[in-house]
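Reviewing the structure listed below.
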Amino acid sequence: MPVELVSRKGRFHLVPVVFIVGNSNTGKTLLIERLVGVLKKSNYRIAVIKHAPHGYEPDVQGKDTWRYCRAGVDEVVVVGPESLTHHSFYRQEPALPDIIKRIENDVDLVIVEGFKKQAGPKIEVLRKGYTTQRLNLGSDLIAVVSDCPSEEKIPTFTPDEVERLADFLVRRFSLK
């Protein structure tokens, strides 16, 4: 079932979206990387959106696209034999629903790393020594991935149970 998000242009239904959230260094990126690998084996088309609230570098220093970005372009597109990368610059961070709207026709599932304040189904990643306190996710919390024993009342997975987590997502979002 698609998540209904609100953009600046109103409400719309989207491709299924799941958020992977947690404190820094809890293993979110590794979990997503492994989850994508499992889902791709079943031929699902997956998009990942990573929230970088502190900024990031768009390309390697000195390379062509880096030079274009430094020159002040608003959009840069790099096309190769098997890929296309579209990099857009904005005065302010675009709304997540607007980002998803641009890619929804090309994928079966969108996995979002971060955007923990955005409403939507979330999987919280907990890691001993790195999780200082739980996020207050309320009814958005659909599952937990943790390396600690847990008494959760919602589905809970260890970091090594990626295939079980993938099956959970396939059923939860009725992926075909």
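Name the single residue, out of those in the range 38-48 being open to solvent by 30 Å² or more (accessible area, probe 1.4 Å), touching a residue at least 60 places away in the same chain (Cβ under 8 Å) and out of contact with any Asp or Glu (no Cβ under 6 Å at 6 or more places or on another chain), that is nearest to R134 (Cα to Cα). Taking the candidates together, the pick is V48. D98 meets the conditions (1) touching a strand residue (DSSP E or B) at 6+ places or on another chain (Cβ under 8 Å); (2) within 18 Å of K122 (Cα to Cα); (3) not in a loop (DSSP other than H, G, I, E, B) in every case but one. The failed one is (2).
So, in the range 135-160, how many residues would count as being under 27 Å from L14 (Cβ atoms) and either without any contact (Cβ under 8 Å) to a residue 40 or more places away in the chain or among the small types (G, A, S) (or both)?
Step one: filter the range 135-160 for residues under 27 Å from L14 (Cβ atoms), giving 135-145, 154-157.
Adding the requirement that they be either without any contact (Cβ under 8 Å) to a residue 40 or more places away in the chain or among the small types (G, A, S) (or both) leaves 136, 138-139, 141, 143-144, 154-157.
Number of matching residues: 10.
Just checking, which of V110, V38 is closer than 30 Å to G138 by Cβ, under 17 Å from the mean Cα position of the chain (by Cα), assigned to a helix (DSSP H, G or I) and of a type in the set (V, I, T)? Spell out the reasoning first.
Working: V110 fails: assigned to a helix (DSSP H, G or I).
Testing whether each residue is closer than 30 Å to G138 by Cβ, under 17 Å from the mean Cα position of the chain (by Cα), assigned to a helix (DSSP H, G or I) and of a type in the set (V, I, T) leaves just V38.
Scanning the range 117-130 for residues that are in contact with a strand residue (DSSP E or B) (Cβ under 8 Å, 6 or more places away or on another chain), within 18 Å of L30 (Cα to Cα) and either in a loop (DSSP other than H, G, I, E, B) or aromatic (F, W, Y) (or both) turns up just one, R127.
Of V15, V76, which residue is surrounded by 13 or more Cβ atoms within 10 Å (Cβ to Cβ), outside any helix (DSSP H, G or I) and in contact with a His (Cβ under 6 Å, 6 or more places away or on another chain)?
On the way: V15 fails: in contact with a His (Cβ under 6 Å, 6 or more places away or on another chain).
Within the list V15, V76, the selection yields V76.
Among residues of the range 99-113 that are under 18 Å from L39 (Cβ atoms), those with a beta-carbon under 6 Å from a residue that is crowded, with 21+ Cβ neighbours inside 10 Å and of a type in the set (F, W, Y) at least six positions away or on a different chain give the pairs V112/F19.
Condition check ((1) surrounded by 11 or more Cβ atoms within 10 Å (Cβ to Cβ); (2) over 28 Å from K40 (Cα atoms); (3) of a type in the set (K, R)) across all residues:
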position: D64; (1), (2), (3): yes, yes, no
position: G80; (1), (2), (3): no, no, no
position: H87; (1), (2), (3): yes, no, no
position: E104; (1), (2), (3): yes, no, no
position: E113; (1), (2), (3): yes, no, no
position: K116; (1), (2), (3): yes, no, yes
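Take L135 and tell me if it is in contact with a Lys or Arg (Cβ under 7 Å, 6 or more places away or on another chain), at pLDDT below 95, more than 20 Å from A47 (Cα to Cα) and open to solvent by less than 50 Å² (accessible area, probe 1.4 Å). Here the answer is yes, as L135 does meet what is asked.
Comparison of A143, A166 shows that the only residue that is out of contact with any strand residue (DSSP E or B) (no Cβ under 9 Å at 6 or more places or on another chain) and open to solvent by less than 90 Å² (accessible area, probe 1.4 Å) is A166.
With respect to the conditions (1) modelled with pLDDT under 85; (2) buried (at least 16 other Cβ atoms within 10 Å of the Cβ), H54 falls short on a single one, namely (2). For N25, the conditions (1) under 15 Å from the mean Cα position of the chain (by Cα); (2) at pLDDT below 95 all hold with the exception of (1).
The values are calculated or read from the model by the stated rules, or taken from the named source; none is laboratory data. Since this is a predicted model, take the numbers as computed values, not measurements. Don't worry about glycine lacking a Cβ; one is built from the backbone with ideal geometry, like all the others, and counts go over all protein chains shown. Surface areas here come from the heavy atoms of the whole protein model, side chains and all, with no ligands, DNA or RNA. Shrake-Rupley method; radii C 1.70, N 1.55, O 1.52, S 1.80 Å.
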